[in-house]
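The values are calculated or read from the model by the stated rules, or taken from the named source; none is laboratory data. Everything numeric here is computed off the predicted structure, so don't read it as measured data. No Cβ is skipped: glycine too gets one built from the backbone with ideal geometry, and neighbour counts run over all protein chains shown. For accessibility, only protein heavy atoms count, side chains too; no ligands or nucleic acids. Shrake-Rupley method; radii C 1.70, N 1.55, O 1.52, S 1.80 Å.
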Amino acid sequence: MHVPGALHFQQVNASVISYGLQTNSTPVARRGQYEDPTLKFQIPLQVAAEREIARSLIGDPSFRWTVEFKEFAHPAMERLETIAMVGPTFFLAIAMFSFVFQIGSLVSEKELKLRQAMTMMGLLDSAYWLSWLTWEGLMTFISSLFIILFGMMFQFDFFLNNSFAILLFIFFLFQLNMVGFAFMLSAFMSKSSSATTIVTTVGFPYSDSYSQTLQSIWSLFPPNLLAQALRLLSDATASSTDIGISWSRRTECAPNDDECVITINDIYIWLLATFIVWVVLAIYFDNIIPNASGVRKPILYFLRPGYWTGKGGKEKEGGVCSCIGKAPPLEHNTPDDEDVLEEENLVRTQTREGTVDPNVAVQIRGLAKTFPGTRTCGFCCKCKKTAPYHAVKGLWVNLAKDQLFCLLGPNGAGKTTAINCLTGITPVTNGDALIYGNSVRSSVGMSNIRRIIGVCPQFDILWNALSGKEHLELFASVKGLLPSTINS
């Protein structure tokens with residue numbers, strides 16, 4: 001392919017000159033058009049060679065040698081549309097690249113207990129999800145914009161002939177939909193190493209031969225909608241005479257779409273509607289699926305008025321996942337220390353009579369935490385069973401306001417477990433605790449508690465991308481400090 005062709009001359013005698021002609025048989029693309037080597041180079045070169053040989057033999061340099069030729073009639077060649085062939089897979093790969101990172105980042109925050117720490121500091125779920133949605137929405141918009149700009153730079157008819165707004169909304173809404181899909185899936189994952197690979201093909205149910213129900217079920221999976229949108233847009237630019245799809249014609253049948261069971265506008269509606277569904281399900285599953293510590297809200301938590309108003313929280317809910325197995329009843333042991341017994345009797349009396357002591361900040365009422373036993377099976381069906389472990393065996397104590405209280409004890413006494421129960425990290429098995437009148441066994445009460453307390457956990461709460469100063473600024477913002485106070 002270094003030269004278009006070659007001529008080999010050999011003079012046999014004074015009246016005979018033979019020659020050989022060599023050309024490349026591979027079509028060459030020039031300015032986006034493929035040239036037939038036989039028609040564009042081989043025949044013209046052969047005519048020129050014959051003319052010059054005739055002029056040489058007859059000795060007349062002005063001898064005319066005219067040959068007319070044209071391409072033999074043949075059926076029209078089908079145009080190879082790159083976008084139609086590899087577009088769905090290529091654009092899906094772009095979205096999946098960010099999709100996997102989104103799930104990984106969300107699950108990593110749970111795995112490293114970063115979100116748990118922010119929740120302890122009082123971060124609202126609405127602020128958490130809105131911050132993620134804002135950031136990912138901005139990234140998907142920039143990604144969609146660059147996809148279209150690069151497509152226009154490479155002079156693809158798919159990008160040049162279809163409306164810029166049509167393409168922008170398709171790619172943006174699809175990637176935004178995948179963000180909501182990632183939010184929902186992250187609620188079911190606990191390890192960031194869990195990888196999900198999703199593959200799509202062309203949207204086969206979008207045809208008159210399939211029922212509307214099947215089409216609706218198929219449309220719940222976002223990549224299927226993208227595949228169908230790309231097919232409509234690529235068919236609309238299949239030939240040089242096709243004008244593509246304009247914004248004003250998004251509600252009409254696409255060019256070259258004979259069946260017309262779904263329009264571009266319908267795909268917009270599906271992508272936007274399912275995005276809202278994914279986000280709502282993500283928030284719901286995030287609240288009811290127990291985390292690593294077993295904390296979750298009741299299944300119908302959203303029906304409680306206190307969830308929406310933020311009021312209440314004095315009544316305990318108790319809804320802790322007990323599907324692992326019931327713990328054995330906790331036997332009450334009378335304290336040997338007279339001061340401890342006196343404190344327990346005082347708290348019991350106040351609890352029974354409903355007395356509220358204004359000088360008490362925290363009232364712990366028989367707080368107990370039991371970790372259920374486990375069963376591990378090995379080879380030959382041999383199973384090893386561990387008994388339930390009572391970490392906190394009924395704690396009764398009042399913590400007065402404006403005083404420093406120290407919880408002392410040997411390793412394994414249950415100090416950390418008791419604090420985890422008070423801060424909402426670990427669900428309570430039995431008993432309750434009131435912090436300024438709010439129950440730790442109430443989701444609303446715990447939300448109120450986190451606004452007024454601070455916790456320094458035993459594990460490090462660090463983001464690799466943040467400096468020490470930025471960590472302080474982050475948690476100060478979560479606690480609601482004014483920007484002027486934070487900067488000073």
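Could you tell me whether LEU399 is farther than 25 Å from PRO290 by Cβ and either open to solvent by 40 Å² or more (accessible area, probe 1.4 Å) or touching a Lys or Arg at 6+ places or on another chain (Cβ under 6 Å) (or both)?
Considered against the rule, which asks whether it is farther than 25 Å from PRO290 by Cβ and either open to solvent by 40 Å² or more (accessible area, probe 1.4 Å) or touching a Lys or Arg at 6+ places or on another chain (Cβ under 6 Å) (or both), LEU399 comes out as no.
So, in the stretch 464-488, of the ones that are surrounded by fewer than 12 Cβ atoms within 10 Å (Cβ to Cβ) and not small (Gly, Ala, Ser), which residue ends up nearest to SER108 (Cα to Cα)? Out of the qualifying residues, it is ASN464. Residues in the stretch 149-170 that are modelled with pLDDT under 90 and either in a helix (DSSP H, G or I) or open to solvent by 70 Å² or more (accessible area, probe 1.4 Å) (or both): PHE150, GLY151, MET152, MET153, PHE154, GLN155, PHE156, ASP157, PHE158, PHE159, LEU160, ASN161. Of all the numbered requirements in (1) more than 29 Å from VAL347 (Cα to Cα); (2) in the same structural domain as VAL392 (by the TED database), ILE449 misses one, and that requirement is (1). With the checklist (1) under 17 Å from MET120 (Cβ atoms); (2) modelled with pLDDT under 90; (3) not polar (S, T, N, Q) in hand, flag the one item ALA413 doesn't pass. In the conditions (1) under 17 Å from MET120 (Cβ atoms); (2) modelled with pLDDT under 90; (3) not polar (S, T, N, Q), ALA413 misses (1) alone. Of the strands (runs of 3 or more DSSP E) lying entirely inside the stretch 1-102, those containing at least 3 residues that are at pLDDT below 80 span 28-30, 33-35. No other residue among VAL444, VAL392, VAL397 is β-branched (Val, Ile, Thr), in contact with a helix residue (DSSP H, G or I) (Cβ under 8 Å, 6 or more places away or on another chain) and modelled with pLDDT under 85 apart from VAL444. What about ALA413, is it surrounded by 10 or more Cβ atoms within 10 Å (Cβ to Cβ) and in a loop (DSSP other than H, G, I, E, B)? It is true that ALA413 is surrounded by 10 or more Cβ atoms within 10 Å (Cβ to Cβ) and in a loop (DSSP other than H, G, I, E, B).
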